[in-house]
Amino acid sequence: MITKKVNNVQEAIKGIESNMTIMFGGFGLCGIPENTIAALVATSISNLTCISNNAGVDDFGLGLLLQKRQIKKMISSYVGENAEFERQMLSGELEVELIPQGTLAERSRAAQAGIPAFFTPAGFGTEVAAGKEVREFNGKMHIMEEAFKADFAIVKAWKGDEAGNLIFKGTARNFNACMAGAGKITIAEVEELVPVGTLDPNQIHIPGIMVQRIFQGEKFEKRIEQRTVRKKN
């Protein structure tokens, strides 16, 4: 059995350089690769193009890379609660490509499956369709979207084994599952790394063939982006 395990996050990010395109799994602050992002913040890498549902918050997640001006372009669906993201976008410091959330997921999945492009009705008649091929299917207009082309895909899973098999938990499955294998190299950070044969094959969400490097994260803050609680009676 080929092992995909690396000793730490520094080994995992080896080969990531300035001007690369990187995919980051997660939804809001749920299921983001916290350790890998922190390791990239500690480097001098810059001019990154980042593909992610959003850019975290000002002081956490991809927001930390934005603070250090390490990102030149964000391809995402949601500006969210990140004031610095909004400021850089409105000032023209940051190039932003906003796309429908379903299209973001499918462009990731298409890259994972080796499909170069697909047609979708989402975005037809809007700025999203500018410059794209349009076709009619069953009386409805569709635009062609190309699969993402990324140098690295970085995902976070609940459990993984040394062969790279991954299991996600709850909402953290969003975008992680479709991004695994969608980059030339996929890095997986996991909360628990176990020997091969430990995981129930019926519970595995992503097979190890989609992953090139895997490591166990040292700590996870698992912040909540918006906490809403009921008032005391």
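The values are calculated or read from the model by the stated rules, or taken from the named source; none is laboratory data. What you see is a predicted model; the values in this text were computed from it and never measured. Methodologically, a virtual Cβ is constructed for each residue, glycine included, from the backbone with ideal geometry; neighbour enumeration extends over all protein chains shown. Ligands, DNA and RNA are excluded from the accessible area calculation, which covers all protein heavy atoms including side chains. Shrake-Rupley method; radii C 1.70, N 1.55, O 1.52, S 1.80 Å.
Details
- Percent of Cα pairs in the chain per distance bin of 5 Å, from zero to the largest separation: 1, 7, 14, 18, 18, 16, 11, 7, 4, 2, 0, 0.
- Accessible surface of the chain, 1.4 Å probe, proportion on carbon and sulfur as whole %: 49 percent
- Residue-normalised accessible area of the stretch 98-233, expressed per residue, 1.4 Å probe, Å²: 57 Å²
- Counting only Cα atoms, the size of the stretch 1-105 along its three principal axes is 47, 31, 22 Å, in decreasing order.
- Structural descriptor for the chain: relative contact order 24 percent, calculated from alpha carbon pairs under 8 angstrom and at least 6 residues apart.
- Global geometry of the stretch 126-183, whether rounded, prolate or oblate, following the gyration tensor of its Cα atoms and the 1.5 cut on a/c: prolate
- Around residue 131: net Lys/Arg minus Asp/Glu count, Cβ-Cβ under 13 Å: -4
- In the stretch 82-180, the convex hull through the Cα atoms has an average projected area of 9.0 nm², a quarter of its surface area.
- Debye log10 I(q)/I(0) at q = 0.12, 0.16 Å⁻¹ for the stretch 127-233, Cα point scatterers: -0.59, -0.78
- When DSSP beta bridges are restricted to pairs lying wholly in the chain, around 30% turn out antiparallel.
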